Amino acid sequence: MSLVQQPGTPRISLVIPVYRVQGYLRECLDSVLAQSFGDVEIVAVNDHSPDACGRILDEYAARDARVRPIHLSANRGIGKARDLGAAHATGDYLLFLDSDDTLADGALQAVADRLDETAEPDILLVNHVRTYWTGRVQASAAGELLAAAGDDVFTALERPAYLGLFAVVWNRVYRREFYAGHGFTFTDGLYEDALMVYRTMLTAETIACLEHVCVEYRQRRQGNSMRTPGRKHFVIFEQYARLFDFLNERPQLEPVRGLLFERMVSHFLFTLVREDRIPPADRSEFFARASAQYARFKPAHFTRPEGATGVRFELLERGSYPVYAAAELAGSARTKLRRRAARAKTALGRRAYDRLYHMHLRRPIDENLAVYSAYWNRGVACNPAAIYHKARELAPHVHGVWIVRPEDEHTVPAGVDYVLPRSPRYWEVMARAKYLVNNVNFPNEVVKRPGQIHLQTHHGTPLKQMGIDQQRFPAAAKGMSFHKLLERVDRWDYSLSSNQHSTEIWERVYPCAFESVDSGYPRNDVYFHATADDVTRARAELGIKSGQTAVLYCPTVRDYQKGFVPRLDLERLCRELGPDHVVLVRAHYFYGADPRLRALEERGLIVDVSRHPVVEDLCLAADVLVTDYSSIMFDFACLDRPIVSYVDDWEVYRKARGVYFDLLSQKPGETPGATAVSEDELVEVFRTGAWMGPRATALRAAFRERFVQYDDGHAAERVVRQIFLGARATPPVIPLDQRTPAPAPRDSDAMTGCPPPPTGGVDRVPA
């Protein structure tokens, strides 16, 4: 039979239920919209997701008419969301795609071709792969069976082996008239896929197969509802009871009853032993329910499988959980003993390594103690510092202690309590503090106790690829254990974000069970509270004369290079800019003092601010920022001052480190202002005034709209109220067009009554 496609009717409707997947949703939608076969519609059902999923769907719908969002006013579950999506679909065929999975390249074209080749079957079975956060891709077990079908068309009774394929709805495509005509709907609860799969397979009059890999099934490390233990998994018994009720009403299906019974029992046994599904305390009851269902639905003349599987079937039929558990324990005793011995050895080593720490770990948590660290214990800085000071104001009962390296002790402000790493008191505060606040990770040896609260503040907005995304870039991943990284991230309770871009990236590249705090970066509060006097003071401390244009140059670290390698002839730049400009140079903190910068400073050509303790003051003092890939651009954007992207090694950096968007694209929201890929271009940007021209201003406005999303001067207060006081994260974020950043230097000069600009700038020694 062949369908006549109606004008305007899409060939394939993708039904995508959406809930708490903001870190994965864009990748899912992009994988569909980028397909070479474009005769599709996406019916995306926002199941009242509490994150940004709804906004993401609306954003895509505004760009592409093929995306049709449906927003629910209450959460109804994945089954009901799929039902609603299917009811609104208009395509010839339905493909149910989960919103954290993706389509493989060429998938839809391969599907469309096979549908034509097999004369519009009721169901087309398709292949898939499993993708892991480690980058591993695992082929499905179905490939050989799907290939064996060729372009044949059959029923499930004719080829019952195809009932044994992975029982999920996203590895098959349904003819919509067949699906709707039989009134198929999903049931509530987990394991709804299995019931739908078997009912549709046993009803279909024509089934075809496609060996081509179509779906990339993401194996999420955290966040998969199927991998959350609890009694909700007991619904599996109701789902299979419904399946056998379906079989009882259709005597013609008797030939496959034994096969489906075996599938059911195997599913029970698989679920029983999964620690991420059935808690140990519930296993005896789960086993009893499974045994009862075994007796209830066992077909006459059923033959148990052979080998170890058959033994498990027999034990389940006998109904004694103690006997079953003992048999399972005996079968895995050697492996478990080896694992226990390894764990015991590790624990013994830790106790021998530092008995003091483990003694403190047995003491009560101090509810009024917070530990802070920044940049691997480099001092009181960044977001943790802003939170610390705001906590002293709003939560004075919480005593804050900083971890500071010996070489940075001299930078600690008076009155700030601190400890040295690995000192006796360090182990005490780490073991007993209620709050752990850091902009990087604490060491592997730190134990996160139940009851402690870990706030990860981060220290930038990601342009370069982060977390598990770095696995694809050997230069960035050199020497890094991603398993250890995620074990450290597992300690996070909260992850701070300054914009939706960051929120989505952090959720995806750190697949752990933390909660995002979308409050803005506390370190940026100063940009909205600083006055003209503060700007004037910052410039005076740096020796910047009134009327000079201060150019802050902040290159970031290169993973593919060792040591600080200047990417700019600073002597030439200073000469080209002339005496009415002053160049402030800040090398990345990973590098030590650079003698070349010191020499240039001694000649009066630049001001080396690499060791200046407060980067925020540098930004307040600057008229314009010149940077490459440094996250300082996102902070500087708070000030609404010009930003110039000098990226002479863009292609090398992009391939060696990876980026999330294209600085050179000139697209609104990606390019923060004027760009240059050579020294000549950079000089021209300043010579022509392009750095502050209308095009650069428009690009900066779009960049600020995307990335200065939550920064409004009240981020620290929101964080302290939510984390330390357990209250609402108030005040609400001020709209961008209502925020007033610190005045620019020229405005500050006028407001503070400074004298007219001098004829010369910073004193210079002739080159």
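The values are calculated or read from the model by the stated rules, or taken from the named source; none is laboratory data. Note that the structure is predicted; figures quoted are calculated from it, not measured. When we count neighbours, we look across all protein chains shown, and the Cβ atoms used for this are built from the backbone with ideal geometry, even at glycine. Calculation scope for accessible area: heavy atoms of the full protein, side chains included, ligands and nucleic acids excluded. Shrake-Rupley method; radii C 1.70, N 1.55, O 1.52, S 1.80 Å.
The table that follows gives values for the structure above.
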| quantity | calculated |
| --- | --- |
| Sites Arg355 and Glu487 - FRET efficiency at Förster radius 25 Å, r taken between beta-carbons, to 0.05 | 0.60 |
| Debye, to nearest 20: dipole size of the chain, +1 on Lys, Arg Cβ, -1 on Asp, Glu Cβ | 3300 |
| Backbone HN-Hα couplings from phi across segment 283-296 [Karplus 6.51/-1.76/1.60, Hz, Gly and Pro as x] | 6, 4, 5, 4, 4, 5, 5, 5, 5, 5, 5, 4, 5, 5 |
| Nonlocal amide H pairs with Val419, under 5 Å, H built at 1.01 Å | Trp402, Ile403, Val404 |
| Modelled FRET efficiency - R0 35 Å, Glu393 with Arg611, Cβ distances, 0.05 increments | 0.75 |
| Estimated [θ] at 222 nm from DSSP helical runs (n ≥ 4, -39500 (n - 2.57)) normalised by residues in the chain, nearest 500 | -11000 deg cm²/dmol |
| Placed amide H near Cys209: partners under 5 Å, 5+ positions off or other chain | Leu125 |
| Those aspartates and glutamates that a straight Cα-Cα span of less than 15 Å connects to Lys434, excepting residues fewer than 8 apart in one chain | Asp366, Glu367, Asp493 |
| C-alpha center-to-center spacing [segment 136-168, segment 497-564] in angstrom | 53 |
| Heavy-atom surface of the chain, accessible at 1.4 Å and reported per residue (Å²) | 43 |
| Highest to lowest packing among 50-58, 631-639, scored as the average C-beta count within 10 Å | 631-639, 50-58 |
| Accessible surface of the chain [probe 1.4 Å, protein heavy atoms]: carbon and sulfur percent | 52 |
| Too-long pairs where the Cα-Cα distance tops 30 Å, listed order kept, from Lys390/Lys655; Lys478/Lys667; Lys448/Lys478; Lys232/Lys448; Lys464/Lys484 | Lys390/Lys655; Lys478/Lys667 |
| Compactness relative to 2.2 N^0.38 Å, alpha carbon Rg of segment 174-299 | 1.17 |
| Per residue Cα convex hull volume in Å³ - calculated over the chain | 188 |
| Charge context of Cys209, other residues only, Cβ under 9 angstrom, K/R +1, D/E -1 | -2 |
| Listed peptides 244-251, 312-319, 103-110, 441-448 by packing density, highest first (mean Cβ within 10 Å) | 103-110, 312-319, 441-448, 244-251 |
| Point-to-point label distance, Thr697-Arg575, nm (Cα→Cβ direction, 7 Å offset) | 3.4 |
| Kirkwood-based Rg to Rh ratio, segment 369-418, C-alpha trace | 0.94 |
| Amide H within-cut-off set for Ser519, under 5 Å, with H built and near neighbours excluded | Ser497 |
| Exposure of Val273 as accessible area (Å², to 10), given a probe of 1.4 Å and all protein chains | 80 |
| Pair Gln666, Arg304: separation of 7 Å Cα→Cβ label points (nm) | 7.4 |
| Cut-off 12 Å between beta-carbons: net charge of the residues surrounding Val311, Lys and Arg +1, Asp and Glu -1 | -1 |
| Anchor Lys545: aspartates and glutamates whose Cα lies under 17 Å away (excluding residues fewer than 8 positions away in-chain) | Asp533, Asp534, Asp580, Glu601, Asp608, Asp617, Asp623, Asp747, Asp749, Asp763 |
| Phi to ³J(HN,Hα) by Karplus 6.51 cos²θ - 1.76 cosθ + 1.60 over segment 265-271, Hz, x for Gly, Pro | 5, 4, 5, 4, 5, 4, 5 |
| Per-selection metrics, segment 378-482 (Cα): Rg and Dmax in Å | 15.7, 46 |
| Value of Rg to Rh for segment 405-560 (Rh from inverse mean 1/r over Cα pairs, i.e. Kirkwood) | 1.01 |
| Cα centroid separation, segment 411-476 to segment 181-253 (Å) | 44 |
| Gain upon complete extension [Ser284, His88; 0.36 nm per residue less C-alpha separation] | 66.2 nm |
| Alpha carbon Rg of segment 1-130, scaled by the compact-globule rule 2.2 N^0.38 Å | 1.03 |
| Stokes-Einstein D in µm²/s, Kirkwood radius over Cα pairs - segment 566-644 at 25 °C with 0.890 mPa s viscosity | 184 |
| Sites Ala325 and Met480 - FRET efficiency at Förster radius 35 Å, r taken between beta-carbons, to 0.05 | 0.30 |
| Whole-Hz ³J(HN,Hα) from phi, Karplus 6.51 cos²θ - 1.76 cosθ + 1.60, for segment 302-315, glycine and proline x | 6, 10, 5, x, 8, x, 4, 5, x, 4, 5, 4, 5, 5 |
